[in-house]
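The values are calculated or read from the model by the stated rules, or taken from the named source; none is laboratory data. Predicted, not measured: the structure shown is a model, and the values here were computed from it. Backbone-built Cβ (ideal geometry, glycine too); neighbour counts: all protein chains shown.
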Number of protein chains: 2
Amino acid sequence: MDETEKIRVGIVGFGTVGAGVVECLQNNGATIARRAGVRPVVQRIADLDITSDRGVTVPDDVLTTDVGQVLTGEDIDIVVELVGGTNVAKDCIMRALQHGKPVVTANKALLAEHGEEIFEAAEASSADVFYEASVGGGIPIIKAMREGLIANRFSEIVGILNGTCNYILTKMEKEGATFEEVLYAAQAAGYAEADPSVDVDGHDAAHKATILSSLAYGEWFGLDPVYVEGIRGLELEDLRNAANLGYRIKLLAIIKQHDNDVQMRVHPALINASSLVAHVNDVYNAVWIEGDTVGGTMYYGQGAGSRPTASAVTADIVDVALNFKLGSHGRIPAFRPHAGYARILPMEEVHSRYYLRLQVKNAPGVLARISTVLGEKQISIASLTQEEATHPSASLIILTHAAPEGNMQNALQALHQLDEVLQKPVMLRIEDLSADPQAN
Amino acid sequence: MDETEKIRVGIVGFGTVGAGVVECLQNNGATIARRAGVRPVVQRIADLDITSDRGVTVPDDVLTTDVGQVLTGEDIDIVVELVGGTNVAKDCIMRALQHGKPVVTANKALLAEHGEEIFEAAEASSADVFYEASVGGGIPIIKAMREGLIANRFSEIVGILNGTCNYILTKMEKEGATFEEVLYAAQAAGYAEADPSVDVDGHDAAHKATILSSLAYGEWFGLDPVYVEGIRGLELEDLRNAANLGYRIKLLAIIKQHDNDVQMRVHPALINASSLVAHVNDVYNAVWIEGDTVGGTMYYGQGAGSRPTASAVTADIVDVALNFKLGSHGRIPAFRPHAGYARILPMEEVHSRYYLRLQVKNAPGVLARISTVLGEKQISIASLTQEEATHPSASLIILTHAAPEGNMQNALQALHQLDEVLQKPVMLRIEDLSADPQAN
């Protein structure tokens, strides 16, 4: 192969990730070319703002405010969409595909919401669409799942997919600060968005979860089947209790197939403190994947940021470039339906173990009342701790055996109505990684 | 694409991995076909023994004792070499390549020793050679390194690459058993070979280390530049001391580039107990990779066994099958030189921190003698612990600051010659993962 064969890359959106891709190709372009046998070069970058300093130097004729020069330009072989959001980004990608340009994108929200439409356009144009950076930042998790682990049926995928939430939870744990305190500090330092909802309410993790579950189970699910709860309102007390019980609390994306039922959910959960996933801290992401052939595997790295994301985007560029050079586009199609499940398990049928914290009157008969309610809902108590009570109220910590979510929700309602229960009960799910040898 | 397009696979060697591949394609072949758009089918299996029960059922006409039917058969599209060893296996692969057949192999020893010859033959025949299963068992680590992380220069690769050693070390730690006790039990249970040397003396890890470093630094290094020490003779006392100091002992493959010097070594080492790599137990493998673009990443899974290995072999089969179907062979060549380093750092120039255990006379002036020797060799003491001595001898535990290996070897000789030092000093290196946020 001629390693000097150049592939001309057009980038839409010159933000931190765009600058990271430019920097990466400037620093490592020659090495990439020697490794890959093809050399991606940044031919053009379109952005409304082409004057701000991004910390990288590009020739003036590379920059343009005319997005059409990238999306439809004769001299562009690959379009990289780094606009973000779901409106302009979608228009860009559709226009590029209609002009037969292969596309690389990091846009999880767009794929989660409009993946099918984009993939149809890609197929109609026989153009590649790659999106490694959409999940897990720099971790090559999509390549691992759909190529490296193609021989597997996936029984369990558990991910820490949002770096902001993981950072907040790690700080709360280590510094004993409240959610609000950590979030405020993170915003002040620029680690969290001014409007943190997409991150802390679990939506970003849900975008990523639906992409992973779609790849695993062969249908582009979109966001509807994903149950979502964020970490807003998590209390320090529960992080401490979890630690004392041998667990840590993480915002997990949990994807499972059992008896042909698929479940997808994002919520905070207790996981065994000795499991590998429990050791993933700060802004790092990790994905635990259990396959029937490979067993348990895990992938870990930075889930966001200019360089890690650029690492994934650049790898996609090389994949597309190789297909461009060899005429092998569609070798790994953007998405290939291969549905191998029967139904989406409704959340009320999901089985978990549970952590309950009840603030109760410190009076005779309270325990009997509570255990009666749980018993009526078929929820069996595994352990119960009552803190030494010197006040008129006491804190009860209950771990349960596995029970359906529906039963637990009924129990929570019933408990809340008891006179002896003084506050809304706190309920957190416990996630057991079945194939993790460290956690069993 | 026509997902029913069949690719005919010929397997040489019907051992546990071969049976695993057959089982995988029987159970998941239809799913793989729907995902990949191509369906690998086992057309023929050659083995000297075609009568033993392997736990899988194959039609009689699939089995043959005539290896030529696989290597040169008109009805074979891909040859899978699962013979093991370096003689017959090499002949098989060369013969298959000479007949233009693409090859999938799991044979790390063969690649480490004869990779270049095989890759030349592959290039001459324009035939693919894939070898994902040669390192890290079921972990798609080779795909991650040379595709997913292609945009990176690799400053640090640290792997737990031998499951037998990791199992032995985990058992020693958890059960307080000696190396010999655990090895004997593992042999009795079939987890370790009757001749365990390839595993416990570090050679298997070295085979895998040289493959990873070759992919990282672009020259097929072979085994010569790899410094190798195994775990034979590791004493429980040192595992316990390490634990008390906040470390764990693992057999690590350590590959680094610094100032264009590349170092490759396999030896037991202390690593910070809070690092992710320290939490990799039992037969599990893990590879920590630090890239300049992506930062720190880690990949974890089972490093051996029928099914995990079959997962990797089958993924390779699909890769080759797609290239076969699309005419894109050589898209990811077996190996593409891209040398980006200046020299192999001689072991004596490698800098580490060190753990020393000295059995010394319990007498005045001993500490002064020892620190003088270390000072003369430019080795600076970071911490020193002397166990309460009730005997005529005492145990000194010293952690040092970083120093060149050569200085340490000189110091060890000099210390051994001191009258006050009663036994050969125990020296273990300490490995610091620079980019691991958990370990800093």
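On inspection, B:Leu149 does not qualify as surrounded by 23 or more Cβ atoms within 10 Å (Cβ to Cβ) and more than 14 Å from chain A (Cβ to nearest Cβ).
Exactly one residue out of B:Asp2, B:Asp75 is on the phi < 0 side of the Ramachandran plot, at pLDDT 95 or above and surrounded by fewer than 15 Cβ atoms within 10 Å (Cβ to Cβ): that is B:Asp75.
Can you name every residue in the range A:377-400 that is over 21 Å from A:Pro364 (Cα atoms) and surrounded by 15 or more Cβ atoms within 10 Å (Cβ to Cβ)? Spell out how you get there, then give the answer.
Restricting attention to the range A:377-400, the residues satisfying the condition of being over 21 Å from A:Pro364 (Cα atoms) are A:377-380, A:382, A:399-400.
Of everything in the range A:377-400, those that are over 21 Å from A:Pro364 (Cα atoms) and surrounded by 15 or more Cβ atoms within 10 Å (Cβ to Cβ) turn out to be A:Lys377, A:Ile379, A:Leu399, A:Thr400.
Might you check whether a residue that is of a type in the set (A, V, I, L, M, F, W, C), more than 14 Å from chain A (Cβ to nearest Cβ) and more than 31 Å from the chain's Cα centre (by Cα) occurs anywhere in the range B:6-16? Among the residues of the range B:6-16, not one is of a type in the set (A, V, I, L, M, F, W, C), more than 14 Å from chain A (Cβ to nearest Cβ) and more than 31 Å from the chain's Cα centre (by Cα), which makes the answer no.
Tell me, which residue of the range B:292-308 that is farther than 22 Å from A:Glu132 by Cβ and more than 7 Å from chain A (Cβ to nearest Cβ) is surrounded by the most Cβ atoms within 10 Å (Cβ to Cβ)?
B:Gly303
Restricting to the range B:120-133, what's the tally of residues that are more than 14 Å from chain A (Cβ to nearest Cβ) and in contact (Cβ under 8 Å) with a residue 60 or more places away in the chain? Break it down stepwise before answering.
Let us first name the residues in the range B:120-133 that are more than 14 Å from chain A (Cβ to nearest Cβ), namely B:120-121, B:124-125, B:127, B:129.
Okay, now just the ones that are also in contact (Cβ under 8 Å) with a residue 60 or more places away in the chain, so B:127, B:129.
Looking only at that region, the number is 2.
The combined condition, being of a type in the set (Lys, Arg) and more than 9 Å from chain B (Cβ to nearest Cβ), is fulfilled by A:Arg369.
Determine whether A:Phe179 is closer than 19 Å to A:Gly136 by Cβ and of a type in the set (A, V, I, L, M, F, W, C). Let's see the steps before the verdict.
Numbers: closer than 19 Å to A:Gly136 by Cβ: no; of a type in the set (A, V, I, L, M, F, W, C): yes.
In short, no.
Matching residues to (1) of a type in the set (Val, Ile, Thr); (2) within 14 Å of chain B (Cβ to nearest Cβ); (3) assigned to a loop (DSSP other than H, G, I, E, B):
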position	(1), (2), (3)
A:Ile317	yes, yes, no
A:Asn323	no, yes, no
A:His329	no, yes, yes
A:His338	no, yes, yes
A:Tyr341	no, yes, yes
A:Ser352	no, no, no
A:Arg357	no, no, no
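One residue alone among B:Val83, B:Val17 is within 18 Å of B:Ala133 (Cα to Cα) and either assigned to a loop (DSSP other than H, G, I, E, B) or small (Gly, Ala, Ser) (or both), and that residue is B:Val83. Name the single residue that is modelled with the highest pLDDT among those in the range A:20-62 being loosely packed, with under 15 Cβ neighbours inside 10 Å, part of a helix (DSSP H, G or I) and of a type in the set (Asp, Glu). It comes out as A:Asp61. Going by the conditions given, is B:Ile289 among the β-branched types (Val, Ile, Thr) and surrounded by fewer than 22 Cβ atoms within 10 Å (Cβ to Cβ)? No; evaluated as a whole, the condition is false for this residue. Any residue in the range A:78-88 that is in contact with a Pro (Cβ under 8 Å, 6 or more places away or on another chain) and at pLDDT 95 or above? Taking every residue of the range A:78-88 in turn, at least one turns out to be in contact with a Pro (Cβ under 8 Å, 6 or more places away or on another chain) and at pLDDT 95 or above.
Applying the set (1) more than 14 Å from chain A (Cβ to nearest Cβ); (2) in contact (Cβ under 8 Å) with a residue 40 or more places away in the chain to B:Val88 leaves exactly one unmet item: (2).
If you check B:Ala315, B:Ala342, B:Ala403 for being over 16 Å from B:Val426 (Cα atoms), in contact (Cβ under 8 Å) with a residue 24 or more places away in the chain, within 30 Å of the chain's Cα centre (by Cα) and crowded, with 22+ Cβ neighbours inside 10 Å, only one passes: B:Ala315.
Residues checked against (1) closer than 26 Å to B:Val226 by Cβ; (2) out of contact with any His (no Cβ under 8 Å at 6 or more places or on another chain):
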site	(1), (2)
B:Arg336	yes, yes
B:Ala342	yes, yes
B:Val360	no, yes
B:Ser380	no, no
B:Ser395	no, yes
B:Gln409	yes, yes
B:Ala414	no, yes
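Of all residues in the range B:101-152 being in a helix (DSSP H, G or I) and hydroxyl-bearing (Ser, Thr, Tyr), which is nearest to the chain's Cα centre (by Cα)? For the range B:101-152, the residue satisfying everything is B:Ser134. The lone criterion from (1) out of contact with any His (no Cβ under 6 Å at 6 or more places or on another chain); (2) modelled with pLDDT of 95 or more left unmet by B:Ala185 is number (2). Just wondering, is there one or more residues in the range B:140-157 that are in contact with a Lys or Arg (Cβ under 6 Å, 6 or more places away or on another chain) and assigned by TED's automatic domain parsing to the domain that holds B:Ser311? The answer is no, given that none of the residues of the range B:140-157 is in contact with a Lys or Arg (Cβ under 6 Å, 6 or more places away or on another chain) and assigned by TED's automatic domain parsing to the domain that holds B:Ser311. With respect to A:Ile168, determine if the residue is of a type outside the set (Ser, Thr, Tyr), buried (at least 19 other Cβ atoms within 10 Å of the Cβ) and farther than 24 Å from A:Glu229 by Cβ. When the stated conditions are applied, A:Ile168 does not pass them. Among residues of the range B:263-282 being among the hydrophobic types (A, V, I, L, M, F, W, C) and away from every other protein chain (no Cβ under 14 Å), the one that is surrounded by the fewest Cβ atoms within 10 Å (Cβ to Cβ) is B:Ala269. Of the residues B:Thr170, B:Thr178, the single one that is touching a residue at least 12 places away in the same chain (Cβ under 8 Å) and within 12 Å of another protein chain (Cβ to nearest Cβ) is B:Thr170. Of all residues in the range A:51-74, those satisfying the criterion of being aliphatic (A, V, I, L, M) and over 31 Å from the mean Cα position of the chain (by Cα) are A:Val58, A:Val62, A:Leu63.
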